[in-house]
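The values are calculated or read from the model by the stated rules, or taken from the named source; none is laboratory data. Note that the coordinates shown come from a computational prediction; the quantities given were computed from them, not determined experimentally. Please note: Cβ atoms are built from the backbone with ideal geometry, for glycine as well, and neighbour counts cover all protein chains shown.
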Amino acid sequence: MSSSKLLRVILFLVVATIVLAPLFFIRQGTFPFTISKTAFFQSLVEITFALWIVLAVRDSCYRPSKNSLLFALGAFIGALTVTSLAGADIERSFWSTYERAFGTVAILHCAAFALVVASVYRESLLKKLLSASVMTGTVVAGIAVIQLWVPTLLLNSGTTNRPGSTFDNPTFLAGYVLSNFFFAVYLFLEERRASHGRRMPHLLFFGAAAILNIVAVFITQTRGDILALGAGVFVLILLFAVCPPEGAFARFAGGATQAGGPARIAHAIACLRRQVAGRPGMLQKKAFYRGVAVLLVAGAALFWFTRSNPLWSNVPGLQRFSTISSEDASLQPRLIALRAAWRGFMERPFTGWGWENFNIVFNKHYDPRLLEANYQETRFDKPHNFFMEYLVAGGILLTLGFIALATFFVHEAWRLRDRLWGQFLIAAFAAYVVHGLFVFETIGPALLFYLMIGLVAGARAQEVIPKPHAEHVARVPAWAAGGAILVSLVAAYYFNVRTVQASYYEFLAFNDFVAGRVAAGIEHFKLSIKDWSPYRWNFARDYAAKVVEAYFYQPYLIPEQEVRISIQAMEWVRDEHPEDAFNHYMLVDLYNQASSIDPETYLAAAEREADIALRLSPRRQQVYFSLAKTKFLKGERELALQIVKDMIVLNPRVADGHFYYGLLAFATQDLATGYVEIHEALRLGRKWKNFYEPRTVADYFGDAGHLDEAIELYLTALQMEPGDIETETKLGVAYFLNGDNVRAREYLGAAAKKFDFTKSPAYGQLKPILDTLGIQ
């Protein structure tokens, strides 16, 4: 095989990565838009990189050139690797979690991709790669627009009014289409400059692509990315004010015309165009762009001070700026996370805690105010700011590595011979940086950022020392190329295919449990953790949580031995990741739920895990909730009540504290306190997590003599779980006790059709009611 043929294969794989990775996902899997997408991207890069190594060994023309940007990239990757190895949880640093799927290993793949692009770069390749990316971005943006009318376009569960397209997340989508917008505008101007405006189909496509990508940014309604778009455009205008684009906006001359009639008029107009074409127009003057920059600043200021005006509510995305203030409740969790990140950096300022280990820092500096919103806001695994993430993950070492990478990227982009392309690169990078101030790194934006690194490094190397083109041919042994493919395929299977396969098994397991196929679900869970995969511990945690929860609510469905096995899986997770407080307080919940199997062993273990969880996250209310339940199950009811009281002191505005205090008060026969605390929880906005909760509270309210409220709660439970026999029975009894025999007969009769009451342990109490109502 010749080096030129192998090069064509590599270039095909590079284009395939750019085109297919953003589009790829597998519906039947856990987190289908992250796990499968990252696995697919990594597999393509592994094959591409292996073939490139063979090519580079055989042909020196395709080896990396000495380039300051590539040296900076190497220094950044080296700092990332070192700080990950020195971190608190090495496995999590390298692989991340299945929700993110973007750990050190994924970033290494991005760097490898950039290195390949830089090494095989030729000037003719630039427009091909950018066009490939723009075409993909246009498809992704188009899907997002369609999702506004067809929410279930990609998944049956559908989407909200903020579409995520093939990324399933509006923020991830917006970060991806940002760079493609700048690519599309550059290609539009470059095409106009190169063809003098004659290739109208190309101009129309790139123009439409730019507009569609802008539309996609706004319909995601992601404030950070709208700001990033504005920042990128503003930087571009400033660059044009320093060095206006040459030829991109110049008027172009018409072609030759034939004499005669109207043709003479056309010919005269063409001649006039030729005369003025060489003169600098308004769009080529620095003063024009300075004026535009001033107008942009004035327009931004005008919008900011009038952001609450109803006028802006008609523009998607802009209406979300109307509520921004220092008191904005939606911003408080982010600010708390940033403060936790800073404290974590101050504790380990040089090498940090390791990539993807912010959860440890966040738990350590947990703020009880977070639970005022919801449980989701209490589990930050990212500070949602790339600069703070570098500080807390890799300390000064990693942060300086990124600053060096950014500095050399801008420096080398500005020195490009194609000044227009360099200006758009810097503008796209500015948008990328501002985007990162409000979110964390994901596969879409990262793919394009590292593509830009490869393009800049490759272009600069070509400008300094041009490399030979296709006529330079070296022989590449077929066995070498075949061996490279084989090795890369083995790696792709072991690290990527296995992950997708495990995700698929877990997807089947969840569906089995929903459909009532519990035994099949357990087997599918076991298959998901049978073989090693990077996220085996994530799957094991889900397995334990689902099995034990099912046992707690419906013990007759799950054999006790299966519960023990699932708990052992969670204990393995705890041992693999001992610094994660979540693993410990999750075990407390599991031990509590399964305590009827072995009360002495499980409740003692729950207390031990609660102590560890409180050491790792001292002010986390969830641990207090779980520990109070443990004490209650041990019969230490007064101590349980005191624990919940102490937890409420941490933040009295947390609804869950009052809710659990109310339940414990009812359980200890303090009916008045229980009633008051439950109502306080509901007043603070406490929502039902499942139908068991309103049904349980209804039981207590009924016992306390509040039958009308109990009936309302039973009805709520039935709305959440229609046809539940136990709820129908209790509702029928409540109606009977409240004197409404008609409705009592309706619900008890419905339950009697599905269940033989004579087999119920409570049949002796039910029989007089059933006899009175005439139900057999």
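For Leu73, all conditions in the list (1) out of contact with any Phe, Trp or Tyr (no Cβ under 6 Å at 6 or more places or on another chain); (2) under 22 Å from Pro445 (Cα atoms); (3) not assigned by TED's automatic domain parsing to the domain that holds Gly137; (4) not small (Gly, Ala, Ser) hold save one; what is the number of the exception?
With (1) out of contact with any Phe, Trp or Tyr (no Cβ under 6 Å at 6 or more places or on another chain); (2) under 22 Å from Pro445 (Cα atoms); (3) not assigned by TED's automatic domain parsing to the domain that holds Gly137; (4) not small (Gly, Ala, Ser) applied to Leu73, the lone miss is (3).
May I ask you to verify whether Ala88 is farther than 30 Å from Ala480 by Cα and assigned to a loop (DSSP other than H, G, I, E, B)?
Judged against the criteria, Ala88 is a match.
Would you mind finding the one in Tyr505, Tyr494 that is farther than 15 Å from Val547 by Cβ and of a type outside the set (Val, Ile, Thr)?
Tyr494
Give the residues of segment 498-513 that are more than 20 Å from the chain's Cα centre (by Cα) and of a type in the set (Ser, Thr, Tyr), sorted by residue number.
Matches in segment 498-513: Tyr505 only.
Is there a residue in segment 439-459 that is free of Cβ contacts under 8 Å to residues at least 60 places away in the same chain and more than 17 Å from Ser179 (Cα to Cα)?
no
Kindly provide the set of residues from segment 560-582 that are closer than 21 Å to Ala509 by Cβ and of a type in the set (Asp, Glu), ordered by number.
Of everything in segment 560-582, those that are closer than 21 Å to Ala509 by Cβ and of a type in the set (Asp, Glu) turn out to be Glu560, Glu562, Glu571, Glu576.
When segment 387-404 is examined, which residues are found to be closer than 22 Å to Leu335 by Cβ and surrounded by fewer than 21 Cβ atoms within 10 Å (Cβ to Cβ)?
Phe387
Go through segment 178-210 and give me each residue that's under 17 Å from Leu236 (Cα atoms) and not small (Gly, Ala, Ser).
Leu178, Asn180, Phe181, Phe182, Phe183, Val185, Tyr186, Leu187, Phe188, Leu189, Glu190
Just one of Arg379, Arg320 is surrounded by fewer than 19 Cβ atoms within 10 Å (Cβ to Cβ), within 27 Å of Ala427 (Cα to Cα) and of a type in the set (D, E, K, R); which is it?
From the options Arg379, Arg320, the qualifying one is Arg320.
For segment 663-679, give me each residue that is buried (at least 18 other Cβ atoms within 10 Å of the Cβ) and more than 21 Å from Thr727 (Cα to Cα).
Leu664, Ala665, Gly674, Glu677 - these are the residues of segment 663-679 that are buried (at least 18 other Cβ atoms within 10 Å of the Cβ) and more than 21 Å from Thr727 (Cα to Cα).
Does segment 81-103 contain at least one residue that is touching a residue at least 24 places away in the same chain (Cβ under 8 Å) and touching a strand residue (DSSP E or B) at 6+ places or on another chain (Cβ under 7 Å)?
Checked segment 81-103: no residue is touching a residue at least 24 places away in the same chain (Cβ under 8 Å) and touching a strand residue (DSSP E or B) at 6+ places or on another chain (Cβ under 7 Å).
Hand me the list of helices (runs of 4 or more DSSP H) wholly inside segment 690-770 holding 1 or more residues that are among the β-branched types (Val, Ile, Thr) and surrounded by 14 or more Cβ atoms within 10 Å (Cβ to Cβ).
Where helices (runs of 4 or more DSSP H) fall fully within segment 690-770 and carry at least 1 residues being among the β-branched types (Val, Ile, Thr) and surrounded by 14 or more Cβ atoms within 10 Å (Cβ to Cβ), they are 692-703, 707-720, 725-737.
Among the residues in segment 419-434, are any of a type in the set (A, V, I, L, M), part of a helix (DSSP H, G or I) and more than 30 Å from the chain's Cα centre (by Cα)?
Taking every residue of segment 419-434 in turn, at least one turns out to be of a type in the set (A, V, I, L, M), part of a helix (DSSP H, G or I) and more than 30 Å from the chain's Cα centre (by Cα).
Please go through segment 119-129 and pick out each residue that is touching a Lys or Arg at 6+ places or on another chain (Cβ under 9 Å) and either without any contact (Cβ under 8 Å) to a residue 12 or more places away in the chain or in a helix (DSSP H, G or I) (or both).
Hit for segment 119-129 is Ser119, nothing else.
Any idea which of Ala112, Ala132, Ala141 is touching a Leu at 6+ places or on another chain (Cβ under 9 Å) and either on the phi > 0 side of the Ramachandran plot or in a helix (DSSP H, G or I) (or both)?
Ala141
Let's see how each residue does on (1) more than 22 Å from Trp353 (Cβ to Cβ); (2) surrounded by fewer than 22 Cβ atoms within 10 Å (Cβ to Cβ); (3) assigned by TED's automatic domain parsing to the domain that holds Asp580; (4) not aliphatic (A, V, I, L, M):
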| residue | (1), (2), (3), (4) |
| --- | --- |
| Lys37 | yes, no, no, yes |
| Trp52 | yes, no, no, yes |
| Ser124 | yes, yes, no, yes |
| Met135 | yes, yes, no, no |
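Does Val573 satisfy the condition of being of a type in the set (A, V, I, L, M), without any contact (Cβ under 8 Å) to a residue 60 or more places away in the chain and either more than 28 Å from Gln642 (Cβ to Cβ) or part of a loop (DSSP other than H, G, I, E, B) (or both)?
Here the answer is yes, as Val573 does meet what is asked.
Out of all the residues in segment 160-168, is one or more charged (D, E, K, R), touching a Ser or Thr at 6+ places or on another chain (Cβ under 7 Å) and in a loop (DSSP other than H, G, I, E, B)?
Yes, some residue in segment 160-168 is charged (D, E, K, R), touching a Ser or Thr at 6+ places or on another chain (Cβ under 7 Å) and in a loop (DSSP other than H, G, I, E, B).
Would you check which residues across segment 206-229 are within 23 Å of Ser131 (Cα to Cα) and touching a residue at least 60 places away in the same chain (Cβ under 8 Å) and list them?
If the condition is that a residue be within 23 Å of Ser131 (Cα to Cα) and touching a residue at least 60 places away in the same chain (Cβ under 8 Å), then Phe206, Ala208, Ala209, Leu212, Asn213, Val215, Ala216, Val217, Phe218, Asp225, Ala228, Leu229 are the ones that fit.
Checking Phe440 against (1) surrounded by 15 or more Cβ atoms within 10 Å (Cβ to Cβ); (2) at pLDDT below 95; (3) out of contact with any Lys or Arg (no Cβ under 8 Å at 6 or more places or on another chain); (4) of a type in the set (A, V, I, L, M, F, W, C), which single condition isn't satisfied?
Only one criterion in (1) surrounded by 15 or more Cβ atoms within 10 Å (Cβ to Cβ); (2) at pLDDT below 95; (3) out of contact with any Lys or Arg (no Cβ under 8 Å at 6 or more places or on another chain); (4) of a type in the set (A, V, I, L, M, F, W, C) is unmet by Phe440, namely (3).
Select from segment 581-620 the residues that are over 25 Å from Val649 (Cα atoms) and among the charged types (D, E, K, R) and write down the one among them that is farthest from the chain's Cα centre (by Cα).
Taking the candidates together, the pick is Glu600.
Can you tell me which of (1) touching a residue at least 12 places away in the same chain (Cβ under 8 Å); (2) under 21 Å from Leu616 (Cα atoms) is the one Gln376 doesn't meet?
(1)
Say we look at segment 367-418 and pick out the residues that are among the polar types (S, T, N, Q) and part of a helix (DSSP H, G or I); which of these is nearest to the chain's Cα centre (by Cα)?
The qualifying residue nearest to the chain's Cα centre (by Cα) is Gln376.
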